[in-house]
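Before any comments, here is the structure.
The values are calculated or read from the model by the stated rules, or taken from the named source; none is laboratory data. In this text the structure is predicted, and so the values were computed from the model without any measurement. Cβ coordinates were reconstructed from backbone atoms using ideal geometry, including for glycine residues, and neighbour counts include every protein chain displayed.
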Amino acid sequence: MVAEQNGPVPFSAAVLKLVLRHVGVQLALAVMWGRSPTAAARPPARRVVLLGASNLVYSFPTVVETVRRMWQEPLEIMAAIGHGRSYGQDSQVLGRKISGIFPCALWKTLQGRSPLPTAALVTDVGNDLGYGVPVSRIVSWVEACLDELERAAATTIVTELPLESLRRLGARRFLFFRRLFFPSSTLELTALVEQAGELNERLVAIARQRKFSVIPVSGAWYGVDPIHLRRSIRRRAWPAILAAWHVDVRLPTAPRASYWLRTYLRCLAPSEQTIFGWRRHSEQPCGVLRDGTTISLY
């Protein structure tokens, strides 16, 4: 016979119990939301390629809902996104390592897919400055991605760097966020602003040379955090950026993604990642929404 334990539950056990309960709820919601598409759902008629880092991670449900509302038809969404994502080299945040955007499997998969009308977004280009990568190398990585999008005949949007927000940075705030986002970086504020300006200038030039849309970002979209869109502005910022795809449906404000959709998307796994040394592979597409929209993450 096991004696019943009396007294308060240890704090660590209570936290573990809460985490396990939360994970269980998340998985249950994911299974519920991610069931097979309805019988009336059509196969995807259009492809959307999303390239970026933390801004797209934080706003992914908003962007997914926005593009679905813009085209009002099933989409094939292919996204290479991730916190701290580099455009050309492996990056690691909180024990999770992912490849750079250009070396990832998205491009090989895209080449093997049947042609579809394609729209693409290229954003969050400045992360590699924090990793100490020279501007010329970053430009070569981005150009390689743009070459692939041009080959896919994609209608492409490229966002500029948040120069206005970076130029407002004071020394203390810069050091705080440098240590938070890029703890091994020794980059100085003056060098960052100078390199960001050079990178932005070259990014705009190569995008316009290809006749891609170049979208400046407003300094008002950023707050204390100099590189991530304010939560309160995301549902207005993304429709303003994506309007350059020239879709007939214009949205002044993005639809609010439901809790169910946000949870489901958060549970999806990319094709390849390494978590605390454990390498994981996941089949793509990893998500299917009820209208037939598919989600592939790389």
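Testing SER271 on (1) within 17 Å of the chain's Cα centre (by Cα); (2) closer than 13 Å to THR62 by Cα; (3) small (Gly, Ala, Ser), one condition comes back false. Which one is that?
The number of the failed condition is (2).
So which residues in region 179-197 are farther than 18 Å from GLY84 by Cβ and part of a helix (DSSP H, G or I), if there are any at all? Give the steps one after another, and end with the answer.
Looking only at region 179-197, we keep the residues that are farther than 18 Å from GLY84 by Cβ, and these are 188-191, 193-194, 197.
Within region 179-197, LEU189, THR190, ALA191, VAL193, GLU194, GLY197 meet the criteria.
Could you say whether any residue in region 245-257 is of a type in the set (Ser, Thr, Tyr) and either surrounded by 16 or more Cβ atoms within 10 Å (Cβ to Cβ) or modelled with pLDDT of 95 or more (or both)?
Among the residues of region 245-257, not one is of a type in the set (Ser, Thr, Tyr) and either surrounded by 16 or more Cβ atoms within 10 Å (Cβ to Cβ) or modelled with pLDDT of 95 or more (or both), which makes the answer no.
For region 53-88, how many residues are among the aromatic types (Phe, Trp, Tyr) and farther than 18 Å from ILE241 by Cα?
1
For residues that are assigned to a helix (DSSP H, G or I) and touching a Leu at 6+ places or on another chain (Cβ under 8 Å), scanning just region 146-174, find the one that is farthest from TRP107 (Cα to Cα). Walk me through it before giving the result.
Taking region 146-174 first, the residues assigned to a helix (DSSP H, G or I) are 146-151, 163-167, 171-174.
Restricting the remaining residues to those that are touching a Leu at 6+ places or on another chain (Cβ under 8 Å) gives 148, 166, 171, 174.
Working: GLU148: 7, LEU166: 32, ALA171: 39, PHE174: 35 Å.
The qualifying residue farthest from TRP107 (Cα to Cα) is ALA171.
Take SER232 and tell me if it is among the small types (Gly, Ala, Ser), surrounded by fewer than 17 Cβ atoms within 10 Å (Cβ to Cβ) and closer than 30 Å to VAL193 by Cα.
Judged against the criteria, SER232 is a match.
Do any strands (runs of 3 or more DSSP E) lying entirely in region 42-113 carry at least 1 residues that are modelled with pLDDT of 95 or more and small (Gly, Ala, Ser), and which ones are they? Break it down into steps so the answer makes sense when it comes.
Numbers: elements: 46-51, 75-80, 91-93, 96-98.
Fully inside region 42-113 and qualifying: 75-80.
Conditions (1) among the aliphatic types (A, V, I, L, M); (2) modelled with pLDDT of 95 or more; (3) on the phi < 0 side of the Ramachandran plot; (4) buried (at least 18 other Cβ atoms within 10 Å of the Cβ), marked per residue:
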position	(1), (2), (3), (4)
LEU146	yes, yes, yes, yes
ALA154	yes, yes, yes, yes
PHE174	no, yes, yes, yes
LEU180	yes, no, yes, no
THR186	no, no, yes, no
VAL193	yes, yes, yes, no
ALA196	yes, yes, yes, yes
LYS211	no, yes, no, no
PRO239	no, yes, yes, yes
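Exactly one condition in (1) of a type outside the set (S, T, N, Q); (2) more than 18 Å from the chain's Cα centre (by Cα); (3) closer than 23 Å to VAL247 by Cα is false for LEU166; which is it?
Looking at each condition in turn, LEU166 falls short on (3).
Could you identify the single residue in ARG250, ARG178, ARG202, ARG230 that is among the basic types (Lys, Arg) and touching a helix residue (DSSP H, G or I) at 6+ places or on another chain (Cβ under 6 Å)? Talk me through it step by step, then tell me what you get.
Details: ARG250 fails: touching a helix residue (DSSP H, G or I) at 6+ places or on another chain (Cβ under 6 Å); ARG178 fails: touching a helix residue (DSSP H, G or I) at 6+ places or on another chain (Cβ under 6 Å); ARG230 fails: touching a helix residue (DSSP H, G or I) at 6+ places or on another chain (Cβ under 6 Å).
Among ARG250, ARG178, ARG202, ARG230, only ARG202 is among the basic types (Lys, Arg) and touching a helix residue (DSSP H, G or I) at 6+ places or on another chain (Cβ under 6 Å).
Please count how many residues of region 126-139 are aliphatic (A, V, I, L, M) and under 10 Å from SER86 (Cβ atoms).
As a first pass, look at region 126-139 and keep what is aliphatic (A, V, I, L, M): 129, 133, 135, 138-139.
Of the ones still in play, those that are also under 10 Å from SER86 (Cβ atoms) are 133, 138.
Adding up the residues that qualify gives 2.
Being assigned to a helix (DSSP H, G or I), β-branched (Val, Ile, Thr) and farther than 26 Å from VAL64 by Cβ is the filter here, so list the residues in region 198-240 that pass it.
Selection gives VAL204, ILE206.
Please find, within region 58-97, the residue that is surrounded by the fewest Cβ atoms within 10 Å (Cβ to Cβ) out of those that are closer than 28 Å to VAL139 by Cβ and charged (D, E, K, R).
ASP90
Considering region 275-298 alone, what residues qualify as being assigned to a strand (DSSP E or B) and either more than 14 Å from LEU261 (Cα to Cα) or of a type in the set (Val, Ile, Thr) (or both)? If you could, list the steps in order and put the result at the bottom.
Taking region 275-298 first, the residues assigned to a strand (DSSP E or B) are 275, 278-281, 287-288, 294-297.
Passing the criteria: ILE275, TRP278, ARG279, ARG280, HIS281, VAL288, THR294, ILE295, SER296, LEU297.
For region 156-172, which positions are among the β-branched types (Val, Ile, Thr) and surrounded by fewer than 18 Cβ atoms within 10 Å (Cβ to Cβ)?
Across region 156-172, there are no qualifying residues.
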